[in-house]
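The values are calculated or read from the model by the stated rules, or taken from the named source; none is laboratory data. Quick caveat, the model's predicted, so the values are computed rather than measured. So basically every Cβ, Gly included, is an ideal-geometry build from the backbone, and we count neighbours across all protein chains shown.
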Ligand SMILES: *Cc1c(COP(=O)(O)O)cnc(C)c1O
């Protein structure tokens, strides 16, 4: 892409204000974090329900970005850059993508459905790319933002597009259709998931079918509702397991080892092929791919040979602990240019180490000549400040001199035999390669070997939940997020980094050493310490933490140190006890507090706060209101008598939900961002953040009368298949979860905990589950949820989350 700013103005119907209408644009971005060398980038300041990218523009201009699509020009920014002013920046991004799409004329497959979109897209890419230059959505970029960004990646060399579209409510698909303009439609499994945004299944199907409004053909599993709404211009190309009238009738499935043989009738003849999967979803997804191959007239032999090589699709960038203090970003299943860009952006956002290495295989299907491609790759590598490139493959080896610090190997085996000489230590390593290079072997070498239980933390879900709560705040109300107790067990530093990016106002921790470790990790946000011990005051001052002062004794002790250090206006926070009776100045201590602080300039009261005892329980509504009223009264008195203007705050998560009129100047959000609410309706709007996972160590069958575990507390009443899982009470699984009280999830099915939970292991019933040793086990996550477990164990989600021991590895992903 190469366009002049002046030529983009009419495309977006924009008003132009700026410095250089002749400026060249060769890329677009919506992500302020990942913009380096952005001179020729057009930045769309997208405004979300709770997020507004306009706030980043000032900073972006400072680092050299000069072209912006905005709804208004932010203060102090005019005369410093080009601004295209539009009514809605997201609409403008879509308009821009639609314009870009209109410049190309080749087959484009549009995919939608409730399940399987991304897998079918990745498989089709694999199945068709030997014969086409494919452009496809990277990862699961299928949203109102992801789709335009994907489509903008099209260039002259591509001759087939595969784009997925995901929607959550009505009227969204029409917009995506305009951007993708598919010529071939594929409807994947329509399921019943994500139905909240729709009245019913019919409405959902109708909306999804908008994508196929102008396609020449629609590939789908025969379904009466689909038939009812499919446009008359579109030719149906349907398949079925039961209805023989369809184009492709799948009449037989044979399951064998881990494979499935599928037999189908097409144009009067019978054929068969085999896939290396057994589950229903994979079978349906493979049939969707078969249909596309038949539509493109592939012969049976090619279909058979390629289908046999289908693979599990890993969509996420995974962050793992590596050997010698390294951090790994594992993206070892794809190597196209767009996903390389995403992975490098992600690498850039990991600020833990200065040193960054990329292990990269040959890149396929870029649509560019190798010369152009590796020129672009090297530009990307430089702009992302990568210190070292390790190239693996014949092609990348041939372009070695395009990179500053680069070693190359012909293949993965050669890399592995030289592994010892490569000195991986104290760095972040991105591992990115095409499937055929089997980079999983490299990941295996580099990964720190610990036991197989991990707590996976979905960072996107945290952002999502944060934004949900932000949307409840009145204008100008500040936000403190509590990251005490290691971020409620989810990982303090990583979450603090994410929150800092989201420009929240304050972090809150319980103890000074938690704050110190955040400072050591590079966090610069103001940090309030809820419960500072007097012995920690020096360290608090040294690390610019801000203590909560809750007693006269503490105040005097802090003042003494502050004066000794000659501090002026050091920020402190005054805690009032309005009924919780835990920490804080009581009503009758206020006079002395005021007397002590009058004229005192070593410290400055940055905020006054109190904490509610019953914000989560409307049974105690009157008590809660009395706390709020008392807080208002006492804090007003302090403010008036001292003539100060501090931030006032009393609400925690459930306070935000239940007492929206008492936000004062700030709220203190805690468990909400970790995806837990005690309100059932609100819970539906939050995303699950943590998934505690393990694997099956061993499986055995026991006959009736045999027992399981210590004390023989489970005795089999039927022949029972028992799976052992390497997680126990030392990892934070309550013993009360044993003896058929609790369950884990294996292959989407419940497996009851048998007998006592041991220190490092527990046993579960898998009699009715088709599983093998090594299969993944979910202890909590989507099901059971942390709240489910808490309820059954008669406790609260806070305790479950914070009990997960530090020996359980935390893995973060987006
Ligand atoms: C933990 C804590 C919070 C946050 O509470 P949540 O219920 O997790 O939102 C707020 N304020 C204080 C003083 C806390 O200790």
**Asked** Picking from 755, 738, 690, 742, which residue would you name as being free of Cβ contacts under 8 Å to residues at least 60 places away in the same chain, surrounded by 21 or more Cβ atoms within 10 Å (Cβ to Cβ) and closer than 16 Å to residue 785 by Cβ?
**Response** 742
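Yes/no matrix, rows are residues, columns are (1) farther than 23 Å from residue 137 by Cβ; (2) touching a strand residue (DSSP E or B) at 6+ places or on another chain (Cβ under 6 Å); (3) in the same structural domain as residue 159 (by TED's automatic domain parsing):
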residue: 11; (1), (2), (3): no, no, no
residue: 29; (1), (2), (3): no, yes, no
residue: 32; (1), (2), (3): no, no, no
residue: 78; (1), (2), (3): yes, no, no
residue: 98; (1), (2), (3): no, no, no
**Asked** Can you pull out the residues in region 347-393 that are assigned to a helix (DSSP H, G or I), touching a residue at least 40 places away in the same chain (Cβ under 8 Å) and in contact with a strand residue (DSSP E or B) (Cβ under 7 Å, 6 or more places away or on another chain)?
**Response** 347
**Message:** Within region 433-452, take every residue that is assigned to a helix (DSSP H, G or I) and in contact with a helix residue (DSSP H, G or I) (Cβ under 9 Å, 6 or more places away or on another chain) and give me the one that is surrounded by the most Cβ atoms within 10 Å (Cβ to Cβ).
**Reply:** 442
**Message:** For region 580-606, which positions are within 16 Å of the ligand (Cβ to nearest atom) and buried (at least 18 other Cβ atoms within 10 Å of the Cβ)?
**Reply:** 584, 585, 606
**Message:** Residues to consider are 781, 728; find the one that is crowded, with 17+ Cβ neighbours inside 10 Å and in contact (Cβ under 8 Å) with a residue 60 or more places away in the chain.
**Reply:** 781
**Prompt:** What strands (runs of 3 or more DSSP E) lie completely within region 241-310 and have 3 or more residues being surrounded by fewer than 19 Cβ atoms within 10 Å (Cβ to Cβ) and at pLDDT 95 or above?
**Reply:** 259-266, 269-275
**Message:** Take the conditions assigned to a strand (DSSP E or B) and more than 16 Å from the ligand (Cβ to nearest atom) and apply them to residue 693. Does it pass?
**Reply:** yes
**Test set (1) modelled with pLDDT under 95; (2) closer than 20 Å to residue 118 by Cβ - residue 223 fails condition number** = (2)
**Complete:** With criteria (1) touching a helix residue (DSSP H, G or I) at 6+ places or on another chain (Cβ under 6 Å); (2) in a helix (DSSP H, G or I), residue 620 comes up short on (1)
**Asked** Which one of 617, 622 is away from the ligand (no atom under 13 Å from the Cβ) and either at positive phi or outside the structural domain of residue 796 (by TED's automatic domain parsing) (or both)?
**Response** 622
**Request:** Give 499, 455, 507, 430 a once-over and let me know the one that is surrounded by 22 or more Cβ atoms within 10 Å (Cβ to Cβ), assigned to a strand (DSSP E or B) and within 16 Å of the ligand (Cβ to nearest atom).
**Result:** 507
**Prompt:** Among the residues of region 311-346, how many are in a loop (DSSP other than H, G, I, E, B) and either out of contact with any strand residue (DSSP E or B) (no Cβ under 8 Å at 6 or more places or on another chain) or under 29 Å from residue 116 (Cα atoms) (or both)?
**Reply:** 12
**Request:** Determine which member of the set 609, 651 is free of Cβ contacts under 8 Å to residues at least 40 places away in the same chain and either surrounded by 23 or more Cβ atoms within 10 Å (Cβ to Cβ) or in a strand (DSSP E or B) (or both).
**Result:** 651
**Prompt:** Hey, among 722, 704, 772, 753, which residue is at pLDDT below 95, more than 16 Å from the ligand (Cβ to nearest atom) and either out of contact with any helix residue (DSSP H, G or I) (no Cβ under 9 Å at 6 or more places or on another chain) or in the same structural domain as residue 799 (by TED's automatic domain parsing) (or both)?
**Reply:** 772
**Prompt:** Which members of region 534-560 meet the condition of being surrounded by fewer than 19 Cβ atoms within 10 Å (Cβ to Cβ) and within 16 Å of the ligand (Cβ to nearest atom)?
**Reply:** 551
**Message:** Can you say whether residue 807 is modelled with pLDDT under 95, in contact with a helix residue (DSSP H, G or I) (Cβ under 7 Å, 6 or more places away or on another chain), within 13 Å of residue 489 (Cβ to Cβ) and away from the ligand (no atom under 16 Å from the Cβ), as far as the supplied structure shows?
**Reply:** yes
**Fill in**
The correct count of residues that are away from the ligand (no atom under 13 Å from the Cβ) and in a loop (DSSP other than H, G, I, E, B) in region 473-491 is 6
**Asked** Scanning for something within 16 Å of the ligand (Cβ to nearest atom) and closer than 30 Å to residue 460 by Cβ, does region 739-748 turn up at least one residue?
**Response** no
**Prompt:** Which of the residues that make up region 711-732 are closer than 23 Å to residue 809 by Cβ and part of a strand (DSSP E or B)?
**Reply:** 723, 724, 725
**Asked** Would region 438-455 turn up any residue that is free of Cβ contacts under 8 Å to residues at least 24 places away in the same chain and within 24 Å of residue 371 (Cβ to Cβ)?
**Response** no
**Request:** Please state which of the following conditions residue 661 fails to meet, knowing it meets all the rest: (1) more than 10 Å from the ligand (Cβ to nearest atom); (2) buried (at least 17 other Cβ atoms within 10 Å of the Cβ); (3) not in a loop (DSSP other than H, G, I, E, B); (4) not assigned by TED's automatic domain parsing to the domain that holds residue 794.
**Result:** (2)
**Asked** Pick from region 205-235 the residues that are touching a residue at least 60 places away in the same chain (Cβ under 8 Å) and in a helix (DSSP H, G or I): which of them is farthest from the chain's Cα centre (by Cα)?
**Response** 212
**Request:** Of the numbered conditions (1) over 12 Å from residue 469 (Cβ atoms); (2) within 13 Å of the ligand (Cβ to nearest atom), residue 668 fails exactly one; give the number of that condition.
**Result:** (1)
**Tabulated pairs, region 662-685, first more than 19 Å from residue 812 (Cβ to Cβ) and at pLDDT below 90, second more than 13 Å from the ligand (Cβ to nearest atom) and not in a helix (DSSP H, G or I), C-beta under 8 angstrom, 6+ apart or interchain** = 684/196
**Fill in**
Checked against (1) within 15 Å of the ligand (Cβ to nearest atom); (2) without any contact (Cβ under 8 Å) to a residue 24 or more places away in the chain; (3) more than 30 Å from residue 459 (Cα to Cα), residue 529 satisfies every condition except (3)
**Prompt:** For residue 69, are the conditions met, namely being buried (at least 18 other Cβ atoms within 10 Å of the Cβ) and assigned to a strand (DSSP E or B)?
**Reply:** yes
